[in-house]
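K.L.:
Next up is a structure, given as structure tokens.
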Amino acid sequence: MSILESFIEDHDEEFEQFWKDNNWWSSDKVPRVSLRKFLSSNEQMDDIDWSSLRTPFDDLLPKLRVLLEAAAKSNMYHTHQTQEYEISLEPVHLAASVPNFPTFILQMMVLHDQSALLRTDEHGRIPLHYAIVATPGDQGQEDSGEDSGEDSGEDSGEDPYEADLIYWSANDESRSLVQIILDNAPGSADIHDGDGRLPIHLAIANNRDLSSVVLPIIAAYPGSISAIDPCTNLKPFLLAASHDNASLDLIFRLAALDPNLINA
């Protein structure tokens, strides 16, 4: 977080303009909106004016990319993924491949490069593919609706919109990384990876969470529920059933959602 903290401190004027451009600036009646809280909401990124921060973010991105590459390599080493997915050269793809990566930072990166979520990298993959493989189980966190001064930095005497970035924790996230990507690029659910697999196949093959990963993918691309996995020649519900740690709830939901199976 120190890089983001320095980024905010060094570009105070640009951040002030950013708040004004988006009508978030404080007045006597309307308090200034927290960057983390706004980006963690259900707002679509297309509605955010990023122009005032585009140039300074250009300078930050190379530093952020170095940290992301180190984090991605560490994750691949500890989860034995070295033979499954190579490291991408694309910053947003890299961010998506880091488990529990702060979604509001990913959103800042996508605001800077809004085509990134649908762009295929040198390995034939988009950010959603990396996010699904990297997701450690249920990535989403329930939003308690309560802010404690200890976690948010609101009682520390620091600027609230700066402290929100410094004191981020996974408990601040109301949506999974997969959900953030799908909310802003639903078409990514219909994009195959380099092996011809759809996101639904990757999610099931990696035994990902039903509510925060599998169901959002199906909602974004309903046709995926009947798509045959090219690596196993199985439909999603059969792919789930073939897993060593198969979830009966997942298998039942997938079978119930497959219209061709119900009408057979």
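Just so it is clear, none of the values below were taken in a lab; they were calculated from the coordinates. Note that the structure is predicted; figures quoted are calculated from it, not measured. For neighbour counting, all protein chains shown are included, and Cβ atoms are generated from backbone atoms with ideal geometry for every residue, glycine included.
K.L.:
Set the Förster radius R0 to 35 Å, insert the Cβ-Cβ distance between E86 and D49 as r into 1/(1 + (r/R0)^6), and round the FRET efficiency to 0.05.
P.N.:
After rounding, the FRET efficiency stands at 0.50.
K.L.:
Then there's this: Calculate the FRET efficiency for D244 and T120 from the Cβ-Cβ distance with a Förster distance of 30 Å, rounded to the nearest 0.05. The partial results should precede the final answer.
P.N.:
Values: r = 31 Å, r/R0 = 1.03.
It comes to 0.45.
K.L.:
Shifting gears a bit: Provide the FRET efficiency to the nearest 0.05 for the L61-A227 pair, computing r from the beta carbons and using R0 = 41 Å.
P.N.:
Efficiency for this residue pair is about 0.70.
K.L.:
How many nm separate the modelled label positions at D10 and F252, each set 7 Å beyond the Cα in the direction of the Cβ?
P.N.:
For D10 paired with F252, the spin-label model returns 5.5 nm.
K.L.:
Name the residues whose placed amide hydrogens come within less than 5 Å of the amide hydrogen of D229, ignoring near sequence neighbours (fewer than 5 apart) on the same chain.
P.N.:
Correct list: L234, K235.
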